[in-house]
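The values are calculated or read from the model by the stated rules, or taken from the named source; none is laboratory data. All figures in this text were calculated on a predicted structure; none of them were measured in a lab. Note that each Cβ is placed from the backbone with ideal geometry, even for glycine, and that neighbours are counted across all protein chains shown. SASA here: full protein model, heavy atoms, side chains in, ligands and nucleic acids out. Shrake-Rupley method; radii C 1.70, N 1.55, O 1.52, S 1.80 Å.
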Amino acid sequence: MSPIAITSASAIEDQSQEMFPKSLSSTISKTLLNGTRAGSGSRLLSTRASKILSSLNLPTDTNQSIPGVFDGTKWLGSGEELVSKCPATGEILGRVRGGTVAETQAAIKASFEASKLVRQMPAPKRGEIVRQIREALLSKVDELGDLVSLEMGKIKSEGRGEVVEFIDVCDYATGLSRSMKGNVLPSERPEHVIYENPNPLGVVGILSAFNFPVAVYGWNLTIALVTGNATIWKPAPSTPLSSIAVTKLIQPVFEKNGLPAAAAALVCGGVDVGKTLVGSADVPLISFTGSEKVGKEVGKAVQDRFGKAILELGGNNAVIVDEDADLGLALQGVLFAAVGTAGQRCTSTRRLLLHRSISAEFLSRLLKIYDSTHPTNQLLVGDPLNPSTLIGPLHNQAAVEKYESTLAGITSRGGEILTLRSGRIEGGDFGVEDKGNWVWPVVARPQKDDPCWKEETFAPILYVQEFDTLEEAIEINNSVPQGLSSSLFTSNVQSMGKWLGPDGSDCGIVNINVGTSGAEIGAGFGGNKSTGWGRESGGDAWKQYVRWSAATVNYSSKLPLAQGVNFGIQG
Ligand code: UN1
């Protein structure tokens, strides 16, 4: 695939500032940009980016505006321009035109109309559509995975893993389409019966975050569809290409099966688009993933119109390593959950609680890996598309700044950085393109009352402190506003029981001898407290995507009243 030339002079100037700041030959990493040249008078998209984009039928001319709204029949968009930037290189991957308020309203209307046809279709047929969506995803699992890596910045196997997670939940939803059920309950009255019936809601609005630009949509789309709803998706403004690629891939499945493709409408955009969706009475359920701050606003706005909300907000997840833990196992669990996805999962481990008796040994083993420069035993930071890399870049510069200010705050308040390396990695001395968002993963020991313990910083920073008893560790685990994920490493069956029970972890995910991140789709995913109480994907999550009705049915010729009430009048 040859690199694409951009012809407009202003775009050339724009991009030369964005992509190649100083001396071209010295600053561009050969690995990252794969040998692409920029000739004078034209600007080129890197070969590797072009390859990935074109394999998914996305435009490779970054001067061209890509329509970011799909209303089921056409692609359009005349709202805000969203720039998709590669977090590893700073390269502009595409310019997407988001929706206006009017275009969002029109897409909601199209999705609403589609929902009437979805709900009439028998559930197993809807399940068959989801099965075909699975096949479409499988046909592009590597390409889509690479796009996630390119646009979000997570490493190759995690990018692919996201698509696999979408595929897995398709399987789950297809099965669900033949097994989700209501209830038949005994009535206290003769010749009466009570039913509890699930029926579709209508349109489900899905607002997803940059860190899981594909899988979280998958959780919602599949469950919403099999339960008989249409969907409208607003992705994060910084990952529009992943959402356009997914929508293009699945759109033909609807058309082939006689359903309007507006059953999976897409509106890329900014705050206006989000507010329009969240405020719309035609979108009875909003499923929102994002920060606690925005989630609080979304929750209030949805409540204000008596809609339903599934909120998937911040996590501040702890791992407890008890005195009887298998330390090797715990080490592996902590490493993946703390530095995987560069600490940008809602489920990433942020707090490490170590029993005082094993703390010194565990920390020395952990720090040895964080500090290692040995090629076979290091947490390799670098190009996310290189299969050996373990830590990719942060998603954007704002995240790097937040990482820096968090560390500066901890040290200024008397905390300590335990790792040899910390801070931003400059391109020059790291051998990567200096527009990438690179940081060192850090282990820190903040003061015990430092405010950082109660906040989620989306970066690879792990806070450590010791405890003496499991009760104390559980209390620390539960002492934060958030309640998403938690793990206990132990071999003591009594500790396990305690951890899982009423005096145990107050989180939505309560693991034993498994890290805090990387949940499978089978269980309901979500958290308690300021994480928002929502549940998505497996378990009983589907029950939130329907309206429930209790139906008392009388098949006798009398009308007795419940609770023995006597109302002496004949009709
Ligand atoms: C998220 O970070 O928003 O459990 C979702 C996990 C993934 C999903 C994370 N399966 O880490």
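Could you please give the count of residues in region 478-513 that are outside any loop (DSSP other than H, G, I, E, B) and among the small types (Gly, Ala, Ser)? Total satisfying the criteria: 6.
When restricted to residues that are open to solvent by 40 Å² or more (accessible area, probe 1.4 Å) and either outside the structural domain of Leu327 (by TED's automatic domain parsing) or within 12 Å of the ligand (Cβ to nearest atom) (or both), region 489-518 contains 2.
Being more than 16 Å from the ligand (Cβ to nearest atom), assigned by TED's automatic domain parsing to the domain that holds Arg134 and assigned to a helix (DSSP H, G or I) is true for just one of Val294, Val278, Val283. Which residue is that? Full working, then the answer.
Numbers: Val294 fails: more than 16 Å from the ligand (Cβ to nearest atom); Val283 fails: assigned to a helix (DSSP H, G or I).
Only one candidate qualifies: Val278.
Quick one: would you say Ser549 is assigned to a strand (DSSP E or B) and in contact (Cβ under 8 Å) with a residue 40 or more places away in the chain?
So Ser549 fits the description; yes.
The residues of region 468-488 that are within 16 Å of the ligand (Cβ to nearest atom) and over 20 Å from Asp449 (Cα atoms), listed by number, are Leu484, Ser485, Ser486, Ser487. Scan region 364-379 residue by residue and report those that are open to solvent by 20 Å² or more (accessible area, probe 1.4 Å) and part of a helix (DSSP H, G or I). Once the filter is applied, which keeps residues that are open to solvent by 20 Å² or more (accessible area, probe 1.4 Å) and part of a helix (DSSP H, G or I), region 364-379 yields Ser364, Arg365, Leu367, Lys368, Ile369, Asp371. From Ile206, Ile194, Ile167, grab the single residue that is part of a strand (DSSP E or B) and either of a type in the set (Phe, Trp, Tyr) or within 15 Å of the ligand (Cβ to nearest atom) (or both). Criteria check complete, one pass: Ile206. The lone criterion from (1) surrounded by 24 or more Cβ atoms within 10 Å (Cβ to Cβ); (2) touching a Ser or Thr at 6+ places or on another chain (Cβ under 9 Å); (3) of a type in the set (A, V, I, L, M) left unmet by Leu176 is number (1). Whether any residue in region 259-279 is crowded, with 21+ Cβ neighbours inside 10 Å and among the polar types (S, T, N, Q) is what I want to check. Within region 259-279, one or more residues are crowded, with 21+ Cβ neighbours inside 10 Å and among the polar types (S, T, N, Q).
Just one of Val184, Val118, Val204 is farther than 30 Å from Cys346 by Cα and open to solvent by less than 20 Å² (accessible area, probe 1.4 Å); which is it?
Numbers: Val184 fails: open to solvent by less than 20 Å² (accessible area, probe 1.4 Å); Val204 fails: farther than 30 Å from Cys346 by Cα.
Every option except Val118 fails the conditions.
Yes/no per residue for (1) part of a helix (DSSP H, G or I); (2) in contact with a Leu (Cβ under 8 Å, 6 or more places away or on another chain); (3) open to solvent by 10 Å² or more (accessible area, probe 1.4 Å); (4) not basic (Lys, Arg):
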residue: Ile52; (1), (2), (3), (4): yes, yes, yes, yes
residue: Leu82; (1), (2), (3), (4): no, no, no, yes
residue: Val96; (1), (2), (3), (4): no, yes, no, yes
residue: Ala110; (1), (2), (3), (4): yes, no, yes, yes
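Within region 530-571, being buried (at least 21 other Cβ atoms within 10 Å of the Cβ) and on the phi > 0 side of the Ramachandran plot holds for Gly532, Ser537. Entry remark, region 397-417: residues being open to solvent by less than 40 Å² (accessible area, probe 1.4 Å) and aliphatic (A, V, I, L, M) number 4 in total.
When each of Thr516, Thr531 is tested for being under 16 Å from Ala309 (Cβ atoms) and assigned to a loop (DSSP other than H, G, I, E, B), the lone residue that passes is Thr531. Among the criteria (1) more than 30 Å from Leu385 (Cα to Cα); (2) in contact with a helix residue (DSSP H, G or I) (Cβ under 7 Å, 6 or more places away or on another chain), the one Val443 does not fulfil is (1).
Could you tell me whether region 67-79 includes any residue that is within 28 Å of Ala230 (Cα to Cα), aromatic (Phe, Trp, Tyr) and within 23 Å of the chain's Cα centre (by Cα)? If you could, list the steps in order and put the result at the bottom.
To start, the set of residues in region 67-79 that are within 28 Å of Ala230 (Cα to Cα) comprises 67-79.
Narrowing further to those that are aromatic (Phe, Trp, Tyr): 70, 75.
Filter again for within 23 Å of the chain's Cα centre (by Cα), leaving 70.
Looking for residues that are within 28 Å of Ala230 (Cα to Cα), aromatic (Phe, Trp, Tyr) and within 23 Å of the chain's Cα centre (by Cα), one finds at least one in region 67-79, hence yes.
Looking at region 309-356, which of its residues are more than 14 Å from the ligand (Cβ to nearest atom), open to solvent by 10 Å² or more (accessible area, probe 1.4 Å) and under 24 Å from the mean Cα position of the chain (by Cα)? Passing the criteria: Ala309, Gln332, Leu335. Taken over region 209-238, the criterion of being within 16 Å of the ligand (Cβ to nearest atom), open to solvent by less than 10 Å² (accessible area, probe 1.4 Å) and in a strand (DSSP E or B) is satisfied by Trp233 alone. What residue, among those in region 121-134 that are assigned to a helix (DSSP H, G or I) and farther than 21 Å from Gly205 by Cβ, is most open to solvent (accessible area, probe 1.4 Å)? In this case the residue turns out to be Lys125.
Tell me which residues, restricted to region 239-271, are assigned to a loop (DSSP other than H, G, I, E, B) and farther than 13 Å from Ile108 by Cβ. Lay out the reasoning, then the answer.
Residues of region 239-271 that are assigned to a loop (DSSP other than H, G, I, E, B), as a first pass: 239, 257-260, 268-270.
Answer for region 239-271, where residues must be assigned to a loop (DSSP other than H, G, I, E, B) and farther than 13 Å from Ile108 by Cβ: Thr239, Asn257, Gly258, Leu259, Pro260, Cys268, Gly270.
Residues in region 378-386: is at least one in contact with a helix residue (DSSP H, G or I) (Cβ under 8 Å, 6 or more places away or on another chain), farther than 21 Å from Glu472 by Cα and of a type in the set (D, E, K, R)? Yes.
When restricted to residues that are outside any helix (DSSP H, G or I) and open to solvent by less than 20 Å² (accessible area, probe 1.4 Å), region 430-464 contains 19.
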